[in-house]
1. So if I take the centroid of the Cα atoms in the stretch A:49-93 and the same for the stretch B:1-65, what is the distance between those two points in Å?
2. Determine the sum of side-chain charges near D:G2: Lys and Arg each +1, Asp and Glu each -1, restricted to other residues whose C-beta is under 15 angstrom from that of D:G2.
3. Please compute the contact order of chain A in relative form: average sequence separation of alpha-carbon pairs under 8 Å and at least six residues apart, divided by the residue count, as a percent.
4. If you roll a 1.4 angstrom probe over the protein chains with everything in place, what fraction of the accessible area of the stretch B:8-66 belongs to carbon and sulfur, to the nearest %?
5. What residue among D:V34, D:V65, D:V11 has the largest mean-square fluctuation in a Gaussian network model of chain D, using Cα springs under 10 Å?
6. Provide an ascending nm list, one decimal, of label-point separations from D:R88 to the equivalent residue in each further copy; define each label point as 7 Å from Cα along Cα→Cβ.
7. How many square angstrom of accessible surface are buried between D and A, both sides summed, with a 1.4 Å probe and rounding to 100?
8. Grab the other residues whose beta carbon is less than 14 angstrom from that of B:A20, score K and R as +1, D and E as -1, and report the net.
4 protein chains.
Amino acid sequence: MGAGESVSAEVARCVEVIEASGLPFELHAMGTIVEGELDEVLGVMRRCIEKVAENHPRVTCAAKVDYRHGAAGRMRGKVESVERRLGRRADPQ
Amino acid sequence: MGAGESVSAEVARCVEVIEASGLPFELHAMGTIVEGELDEVLGVMRRCIEKVAENHPRVTCAAKVDYRHGAAGRMRGKVESVERRLGRRADPQ
Amino acid sequence: MGAGESVSAEVARCVEVIEASGLPFELHAMGTIVEGELDEVLGVMRRCIEKVAENHPRVTCAAKVDYRHGAAGRMRGKVESVERRLGRRADPQ
Amino acid sequence: MGAGESVSAEVARCVEVIEASGLPFELHAMGTIVEGELDEVLGVMRRCIEKVAENHPRVTCAAKVDYRHGAAGRMRGKVESVERRLGRRADPQ
């Protein structure tokens, strides 16, 4: 907060933190998906917040966790499950 | 809620609602991004919830809105802004 | 975004929009709960975003919807359900 | 997920986890606010997810973090800031 209208510099800093974790991730317009063990993913979240907080006194973060015992490869797998239901690719763009 | 462990059937139904709106969208593992005027996007959100509620008595939905006056093409533009900062593609997958 | 570190002025403006709707609501440290029909609640959300956007070119909003067919009085009812399970008030503060 | 329409039993279990942390918290209809150091709060979040996952193979969690350097007592302080702006209590209920 207080970073002005554009936050791409802050997001870029977070991407570097996420890349350093070695976990698979996807950057999207409304958020970044990181896949891994729960404590790994929460650790990345903590380091991203702390990194942004180096330059800003107040940082907000909205996160969604999808925890599934024994699951892996879900970042692509979940999209494929939906596309199987649809019988086609979901995204014409 | 109460739909069981997999919700891909419900997500597929939402994708059909979103496609019917004609708005550009992206389906991801943790959510679907829809771009448009605020009232259009909230209208799509309402129809998705009502569609899922046809088969389930209780429906939860977590949404993030990024409202920017006069902006368009931000679904790809925001990712590109971050990648310009990084000097590379952000996603090695 | 770009409003600086404090957003209490923007939240106060939203509270006035919510009050004008006549819907029951609760203001909390991390968000405001509004109870009503889905289209009423989404309408309030839209007017809050537009109100804040009068003074700021970019506005973000994170929302959670809990849609339940035929339910009312859930703002207090949900907390009471949890407290019945616990056999006590949940909040010692 | 798959817990059925009511999740009050799962929320009650989370409240017990949060109480065990000793951190100040508030239970609301749409979520529970926990105040503390970032690593403490994320640790509570992890233990809540793991507790619910003992009985359910898949658990989702939506969280918002408001990180502010050196701030404390914000759970009530933020609401009071808004009410000072309004010149009255924000909540007629």
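The values are calculated or read from the model by the stated rules, or taken from the named source; none is laboratory data. Quick caveat, the model's predicted, so the values are computed rather than measured. For neighbour counting, all protein chains shown are included, and Cβ atoms are generated from backbone atoms with ideal geometry for every residue, glycine included. All accessible areas refer to the heavy atoms of the entire protein, side chains included, with ligands and DNA or RNA removed. Shrake-Rupley method; radii C 1.70, N 1.55, O 1.52, S 1.80 Å.
1. Taking the Cα centre of each part, the stretch A:49-93 and the stretch B:1-65 sit 15 Å apart.
2. On the way: positive: A:R68, B:R58, D:R58; negative: A:D66, B:E5, B:E10, D:E5, D:E10, D:E54.
Once positives and negatives cancel, what remains is -3.
3. Normalised by residue count, the contact order of chain A is 28 percent.
4. 48 percent
5. Result for chain D, Cα springs under 10 Å: D:V65 fluctuates most.
6. Copy-to-copy label distances for D:R88: 3.7, 5.4, 5.8 nm.
7. Details: alone 7480 and 7470 Å², together 13070 Å².
Between D and A, the summed buried area is about 1900 Å².
8. Taking every Cβ under 14 Å from that of B:A20, the sum is 0.
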